[in-house]
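Let me begin by presenting the structure, written as structure tokens, before commenting on it.
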Amino acid sequence: MKYHEPRLISLTNAFVVTALYVIFFITGVLIISPGALHHFYTILFLLASAVILFVCSFLVFRYTLEKFIYSKIRLVYKTIHNIKTKKGNAKPPRIDLQFLEHVNQEVEEWQHEQSREIEQLRMLEQYRREFIGNVSHEMKTPLFHIQGYILTLLDGGLDDPAINREYLQRTEKNIERLIRIVEDLDEIAQLESGQIKLNVTRFDILALTREVIELLEMKALKKEIGMGIARQEKPVFVEGDKEKIRQVLTNLIENSIRYGNVKGRTKVSFFDMDEHILTEVTDNGIGIEPGELSRVFERFYRTHRGRSAFAKGKGLGLAIVKHILEAHQQTINVRSTPGVGTTFGFTLKKSKVY
Ligand SMILES: Nc1ncnc2c1ncn2[C@@H]1O[C@H](COP(=O)(O)OP(=O)(O)OP(=O)(O)O)[C@@H](O)[C@H]1O
Ligand SMILES: [Mg+2]
């Protein structure tokens, strides 16, 4: 309701009352003494009384109307205020005419806020449903494998030296995979809830990258992938949680091997960006289709190419990477050309002390 509406309604009502009064007055005079209408004083009396009646009825109408509206609006405002502040005993504010406009605005804002919240809840609900579906799907495969091996062993395979050891080893591998899924999910949950406190220190990311590359060398060798660091002699000091950044580098370099071609190449480069250091991990592997680029950081998301290149991927590594960097208030981006290669780049705060 607009604040000037009570005034308009009161004006109309006062006008109607005054018009009726004038009609009755003229009719009355015409019946009683028609000649009196020609007297100046009669006309003056009619005009003066009509003006007074108009003003008085306008004031009475407006007062009654506003009192009624205010009482209703105070109630509405009190309810909104209580919901907003989540208090049950908040006093309604004093309301004057201009305040009606303000209340109107607040109600509109509140309505938008509520619609936004409902939309968010809907999205969360859909996300939750998808998440549960993904978790159960990811867990089903190793669980079915474990069940299959154990049933075969119980069905007599235990006494068959050709398979008993082999099947137990496969069972163990699947259990290991289940444990890794649970550990990754636990890590994501902790990062999301902000429970993980970062242990921020100053460290040399060049030395850390060398350590990670050394650890992954065996995996790279299996695919004859060469790994290297772009020309960089001096240490590159950054600020961050060293162990968490080790995990970021491990996940990115591991991906470059997994989704790299045989005899391919992985290169890590550092770029000085005044306040930040940009670290890039580049491969010349299978690449990612443009339509899938924005989705690779989602939990459990795996590209079509990725699935066929490495069936065992869980789709959790990049989600963890993104969370770790967000916890550092830093960013990660990806660019890729299918069939040519991929580059993941993330920033870290440059250490002020050199
Ligand atoms: N360097 C890359 N080149 C091509 N595709 C990639 C690359 N890195 C990631 N991807 C795609 O993004 C998906 C998500 O990667 P992510 O690291 O989150 O999961 P994953 O490697 O499948 O499993 P894990 O949780 O064990 O790391 C991969 O499945 C793959 O499809
Ligand atoms: Mg990965």
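The values are calculated or read from the model by the stated rules, or taken from the named source; none is laboratory data. Every value quoted in this text rests on a predicted model; they were computed, and no experiment measured them. Methodologically, a virtual Cβ is constructed for each residue, glycine included, from the backbone with ideal geometry; neighbour enumeration extends over all protein chains shown. Please note that ligands, DNA and RNA were not included when accessible areas were found on the heavy atoms of the full protein model with its side chains. Shrake-Rupley method; radii C 1.70, N 1.55, O 1.52, S 1.80 Å.
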Study note, to complete from the structure: Each label sits 7 Å from Cα toward the beta-carbon; between HIS102 and LYS222 the label points are separated, in nm, by 6.9 nm
Review point. How do ARG129, ARG305, ARG335 rank by accessible surface area computed with a 1.4 Å probe, from largest to smallest?
Key: ARG129, ARG335, ARG305
Check your understanding: Going toward the positive end of the dipole of the chain, with +1 on Lys and Arg Cβ and -1 on Asp and Glu Cβ, which of ILE26, THR347, TYR167 do you reach last?
Key -> ILE26
Point to revise | Percent RCO, i.e. relative contact order, over the chain, from Cα pairs under 8 Å lying at least 6 residues apart | key: 12 percent
Check your understanding: What full-extension length gain, to one decimal in nm, is calculated for GLU292 and ASP274 as 0.36 nm per residue of separation minus the Cα-Cα distance?
Key -> 3.3 nm
Exercise for review: May I ask which residue of VAL17, ILE146, ILE245 lies farthest towards the positive end of the charge dipole of the chain, with charges of +1 (Lys, Arg) and -1 (Asp, Glu) on Cβ and the Cα centre as origin?
Suggested key: VAL17
**Study point:** Top positive-direction residue, dipole computed over the chain with Cβ charges, set HIS112, ASN255, LEU278
**Key:** HIS112
**Study point:** Ranking by accessible area, most exposed first, for ILE118, ILE181 with a 1.4 Å probe
**Key:** ILE118, ILE181
Practice item. Note down the magnitude of the dipole of the chain about its Cα centre, charges +1 on Lys and Arg C-beta and -1 on Asp and Glu C-beta and zero elsewhere, to the nearest 20 debye. Key: 440 debye
Point to revise | Helical mean residue ellipticity (222 nm; -39500 (n - 2.57) per DSSP H run of 4+; nearest 500) of the chain | key: -21500 deg cm²/dmol
Check your understanding: Which of these, GLU224, GLU125, GLU113, has the largest mean-square fluctuation under a Gaussian network model of the chain (Cα springs below 10 Å)?
Key -> GLU113
Point to revise | Accessible surface of VAL16 - all protein chains present, 1.4 Å probe, nearest 10 Å² | key: 70 Å²
Check your understanding: Over what distance in Å are the Cα centres of segment 25-79 and segment 145-179 separated?
Key -> 98 Å
Practice item. For GLU119 and ALA48, compute 0.36 nm times the residue count separating them, minus their Cα-Cα distance, and round to one decimal in nm. Key: 19.5 nm
Exercise for review: Normalise the Debye intensity by I(0) for the chain, one equal point scatterer per Cα, no solvent, then take log10 at q = 0.06, 0.13, 0.15 Å⁻¹ and round to two decimals.
Suggested key: -0.49, -1.08, -1.25
**Study point:** FRET efficiency estimate (nearest 0.05) - Cβ-Cβ, ARG74 to ILE229, R0 51 angstrom
**Key:** 0.15
Review point. Tell me, Kirkwood radius of segment 131-192 from alpha-carbon pair distances, in Å?
Key: 12.8 Å
Revision key, fill the gap. Over segment 5-95, with neighbouring protein chains present, the accessible area per residue in Å² at probe 1.4 Å is 72 Å²
Practice item. Run through every distinct alpha carbon pair of segment 270-324 and return the Kirkwood hydrodynamic radius in angstroms, one decimal place. Key: 12.9 Å
Check your understanding: Dipole size in debye (nearest 20) for segment 254-346 around its Cα centre, Lys and Arg Cβ +1, Asp and Glu Cβ -1?
Key -> 680 debye
Exercise for review: Using DSSP to define loop residues, name the trypsin sites (Lys or Arg not before Pro) in segment 200-234 whose beta-carbon has at most 11 other beta-carbon atoms within 10 Å.
Suggested key: ARG231
